[in-house]
Amino acid sequence: MNRKKRIRLGVFKYTCCAGCEFQLIFFQKKILEIFENLEIIYFRMGESGGGEEGPFDLVLIDGAITEAWQADQLKKVRQAAKFLLPIGSCAVNGGIPAIKNSTSELEMEKRVYQQIQPLHSMKAHPVDDYVKVDGYIKGCPMGEKDLVEAVTSLLLGKRANFINYSVCVECKLKGNLCLLIADKLPCMGPVTNAGCGALCPSYGRACYACWGPMEDANSRALAWQFEKMGLEPDDIFRKFTQYASNKLEFRKGAQLYGSTT
Ligand code: SF4
Ligand code: SF4
Ligand code: SF4
């Protein structure tokens, strides 16, 4: 990388809690080390000012798409960006906003707002439903390791080596006793993508899948296991729709116990 070349960065936020943008600011020291000479073109939370038209070397997208204007802007941003990465579960797989996807949009609006006339919301979509992406920074909030791997790989022109195995692998590497087997806790670790270091099981709590599904996750087998353990159908349904209900890997588990519409 030419030391004099500045990386033109854009950060855009759609529907989410903005926790991943906070993470970006929190990680700033490391990010600045990587970029050497970062030029923020657009990052509303980090710096005021315009620049949303770009052009950008790299764009990070925080949040799910739940309104038409967001999808329209996202397509324009994609055209102005060399590389584009969704950051965090909301942008990667619908995350928490996708909880609403298993209920009709009208019913959901009525439950939340007194006046629904001004609303123009739609179901929550991950970023790659609308535009091509150059990788995924998973996590809720996003993981630092994947972010650093993605950014350095893009800058070096090499393929990023993202983690693609389950939380159980990290859990076993830590030497944890399995909560699913030993304590009969309904842990989502077997179907959830690793990267968090098996944070919850390491503190005696069952994983609730905040990093989203692992590729080819066998959610049906885990759902049947939960049923054998005595979980009610509604509880099993919620386990697979709490995060990333858009993703087929989780829908396979949820659909055995309810309609994901
Ligand atoms: S992925 Fe989690 S931390 Fe990040 S914006 Fe969504 S809800 Fe917030
Ligand atoms: S506690 Fe959960 S994450 Fe850990 S090995 Fe058991 S099922 Fe997997
Ligand atoms: S263990 Fe599961 S719920 Fe906890 S941080 Fe990791 S992926 Fe998220």
- request: Please find, within region 104-139, the residue that is farthest from the chain's Cα centre (by Cα) out of those that are small (Gly, Ala, Ser) and under 28 Å from LEU84 (Cβ atoms).
  value: SER121
query: Are any residues in region 177-200 outside any loop (DSSP other than H, G, I, E, B), in contact with a helix residue (DSSP H, G or I) (Cβ under 6 Å, 6 or more places away or on another chain) and more than 14 Å from MET214 (Cα to Cα), and if so, which ones?
result: LEU179
message: If I go through region 188-217 residue by residue, how many of them are more than 14 Å from TYR243 (Cβ to Cβ) and either basic (Lys, Arg) or within 12 Å of ligand 3 (Cβ to nearest atom) (or both)?
response: 10
- prompt: What's the number of the condition LYS75 fails, among (1) in contact with a Phe, Trp or Tyr (Cβ under 7 Å, 6 or more places away or on another chain); (2) in a loop (DSSP other than H, G, I, E, B)?
  reply: (2)
- prompt: Taking the stated definitions as given, is GLN242 over 19 Å from PHE162 (Cβ atoms), within 11 Å of ligand 3 (Cβ to nearest atom) and modelled with pLDDT under 95?
  reply: yes
task: Looking only at region 20-35, decide whether some residue is away from ligand 2 (no atom under 16 Å from the Cβ), touching a residue at least 60 places away in the same chain (Cβ under 8 Å) and in a strand (DSSP E or B).
output: no
query: Given the conditions (1) within 16 Å of ligand 1 (Cβ to nearest atom); (2) closer than 22 Å to ALA244 by Cβ, and given that LEU84 satisfies all but one, which numbered condition is not satisfied?
result: (1)
- request: Residue by residue through region 151-176, note down the ones that are more than 15 Å from ligand 3 (Cβ to nearest atom) and either part of a loop (DSSP other than H, G, I, E, B) or within 28 Å of ARG205 (Cβ to Cβ) (or both).
  value: GLY157, LYS158, ARG159, ALA160, ASN161, GLY175
task: Kindly list, by first and then second residue, each pair from a residue in region 221-240 that is under 23 Å from GLY95 (Cα atoms) and charged (D, E, K, R) to a residue that is at pLDDT 95 or above and outside any loop (DSSP other than H, G, I, E, B), limited to pairs with Cβ atoms under 7 Å and residues at least 6 apart or on different chains.
output: LYS239/PHE226
Evaluation of SER202 against (1) closer than 22 Å to PRO97 by Cα; (2) over 18 Å from the mean Cα position of the chain (by Cα); (3) within 14 Å of ligand 2 (Cβ to nearest atom); (4) in contact (Cβ under 8 Å) with a residue 24 or more places away in the chain (one fails), failing number: (1)
field: Hits in region 177-187 - residues which are crowded, with 21+ Cβ neighbours inside 10 Å and either within 12 Å of ligand 3 (Cβ to nearest atom) or farther than 14 Å from ALA223 by Cβ (or both)
entry: CYS187
task: Determine, yes or no, whether ILE99 is aliphatic (A, V, I, L, M), crowded, with 18+ Cβ neighbours inside 10 Å, touching a residue at least 40 places away in the same chain (Cβ under 8 Å) and under 17 Å from TYR14 (Cβ atoms).
output: no
task: Within region 82-99, track down each residue that is outside any helix (DSSP H, G or I) and at negative phi.
output: LYS82, PHE83, LEU84, LEU85, PRO86, ILE87
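The values are calculated or read from the model by the stated rules, or taken from the named source; none is laboratory data. Remember, predicted model here, so these are calculated numbers, not experimental data. For neighbour counting, all protein chains shown are included, and Cβ atoms are generated from backbone atoms with ideal geometry for every residue, glycine included.
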